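Working notes, structure below.
The values are calculated or read from the model by the stated rules, or taken from the named source; none is laboratory data. Computed from a prediction, not measured in an experiment: that's the story for all the values here. Backbone-built Cβ (ideal geometry, glycine too); neighbour counts: all protein chains shown. The protein model used for the area step is the full one, side chains on, heavy atoms only, and it has no ligands, DNA or RNA in it. Shrake-Rupley method; radii C 1.70, N 1.55, O 1.52, S 1.80 Å.
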Amino acid sequence: MSPAKNRTFSLDFEKPLVELEKRIKQIRELAEENNVDVSDQIRQLETRAIQLRQEIFNSLSPGQRLQLARHPRRPSSLDYIQAITDQWFELHGDRGGYDDPALVGGIGSLAGRAVVILGHQKGRDTKDNVARNFGMASPGGYRKAMRLMEHANRFGMPVLTFIDTPGAWAGVKAEELGQGEAIAYNLREMFRLDVPIMCTVIGEGGSGGALGIGVGDRVLMFENAVYTVASPEACAAILWKDASQGQQAAAALKITAWDLKELGIIDKVLSEPIGGAHGDPLAAASILKDALLENLAELTQLTAQQRRDLRYQKFRNMGIFVES
């Protein structure tokens, strides 16, 4: 499906491209109605559309990448799971009385190998987002995730996590149920697991909500995803008492994949189809699957102790800097 046909929602910086694609469609329809050959003109306009798409998406600001990470049509965890697995069985419940729909998990078959997959799950529309709590997991969600990771460790299955959340649920009920403890427990326990762990930021990686399933031997990140200690709007409200300064905060926070790769926070940047993952979800899923299989093949060559040491050193090295 072409980006023009798949575009039901456009961002401000995409408007020149949307207008050009609309013009091409109108010319094609008029030509068909009047039986006129305008193939040369359409070919020129389509070439220009390709060039314009590349110009726009190759020069995005951090704030624009944030908009793409939050795009309502961006592939979700379940979208990727369905696309990359041969079989998938979702598992429910934290065995403490809760089953959080904002954090999904289960057992899947990836290229014939059993794996446990976890991920934040946002909704497509307002009703679905409310049901999924906008991808903001509760303590029960993180405890469910840890239960499934323990299961993976017991049976020798690699763990794959997909990060896509604005942050953990910050409601009073979440605090009553031990939100901070649940995330901290996951952080500690993920360091001791014997099996390979690969984490991928597929959309919005926000604060402790992302870290609750973000400790891995390898951390991958799509090029239009973001990973940040706090949302740019929250940062702007704290620093400048003005949430509208989010664009400036987005640049200062170093939230993009390329910035984080340079800082050593993530290990690999995954390319996206021109126009973003939402423009061609199947192509994005293929890129993700290839990266997961490549890294999984490398990690399975290591012993459990080597993987634990690698994981530990990776996170211990974060934040180290040298003053000149």
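Sort the chain into rounded, prolate or oblate with this rule: let a ≥ b ≥ c be the square roots of the eigenvalues of the Cα gyration tensor; rounded if a/c is under 1.5, and if a/c is not under 1.5, prolate when a/b is larger than b/c, oblate otherwise.
Judged from the Cα gyration tensor, the chain comes out prolate (a/c at least 1.5, a/b above b/c).
Test of understanding: what is the full-extension gain from I50 to K25, defined as 0.36 nm times their sequence separation minus their Cα-Cα distance?
Working it through step by step, the gained length comes to 7.5 nm.
Once fully extended, how much extra length lies between R124 and S59, figured as 0.36 nm per residue of separation less the alpha-carbon to alpha-carbon distance? Walk me through the numbers on the way to the answer.
Numbers: separation 65, 0.36 × 65 = 23.40 nm, distance 2.72 nm.
Result for the pair: 20.7 nm of gain on full extension.
If we count every other residue with Cβ under 13 angstrom of H92's Cβ, Lys/Arg +1 and Asp/Glu -1, where does the sum land?
Taking every Cβ under 13 Å from that of H92, the sum is 0.
Kindly rank 244-250, 313-319 from highest to lowest mean number of other beta carbons found within 10 Å of each residue.
Ranking the peptides 244-250, 313-319 by packing returns 244-250, 313-319.
Can you give the accessible area of R73 in Å² (nearest 10), computed on protein heavy atoms with a 1.4 Å probe?
110 Å²
Angle check, please: helix 39-57 long axis (alpha carbons) against the longest principal axis of the chain (alpha carbons), in degrees 0 to 90, nearest 10.
With rounding to tens, the tilt is 30 degrees.
Mind checking the full-extension length gain between Q305 and S286? Use 0.36 nm per residue of separation minus the Cα-Cα distance, one decimal, nm.
3.8 nm
Note the angle between two axes, namely the Cα long axis of helix 139-155 and the longest principal axis of the Cα atoms of the chain, as a number of degrees from 0 to 90, rounded to the nearest 10.
70 degrees
Eight or more residues apart or on different chains, and alpha-carbon atoms under 14 Å: count the Lys pairs in the chain matching that.
Lysine pairs satisfying the spacing and distance rule in the chain number 5.
Over the chain, average the accessible area per residue using a 1.4 Å probe and give it in Å², no decimals. Please list the in-between numbers first.
Values: 15770 Å² over 324 residues.
Accessible area per residue, the chain: 49 Å².
Quick check: at a probe of 1.4 Å, how many percent of the accessible area of the chain sits on carbon and sulfur atoms?
Numbers: 8370 of 15770 Å².
The C+S portion of the solvent-accessible surface of the chain is 53 percent.
Counting DSSP beta bridges in the chain, what percent are antiparallel, to the nearest 5?
Counting DSSP beta bridges with both partners in the chain, the antiparallel share is about 40 percent.
Quick check on packing: order 267-274, 35-42 by the mean number of other C-beta atoms within 10 Å, highest mean leading.
Listed from highest to lowest mean packing, they are 267-274, 35-42.
By how many degrees, between 0 and 90 and to the nearest 10, does the Cα long axis of helix 15-34 differ from the longest principal axis of the chain?
The answer is roughly 50 degrees.
Let's test the formula: R0 of 51 Å, r as the Cβ-Cβ distance of D86 and M318. What FRET efficiency results, to the nearest 0.05?
My answer for the efficiency is 0.90.
Using per-residue counts of other Cβ atoms within 10 Å, averaged over each peptide, order 199-206, 95-102 from highest down.
Ranked from most to least packed, the peptides come out as 199-206, 95-102.
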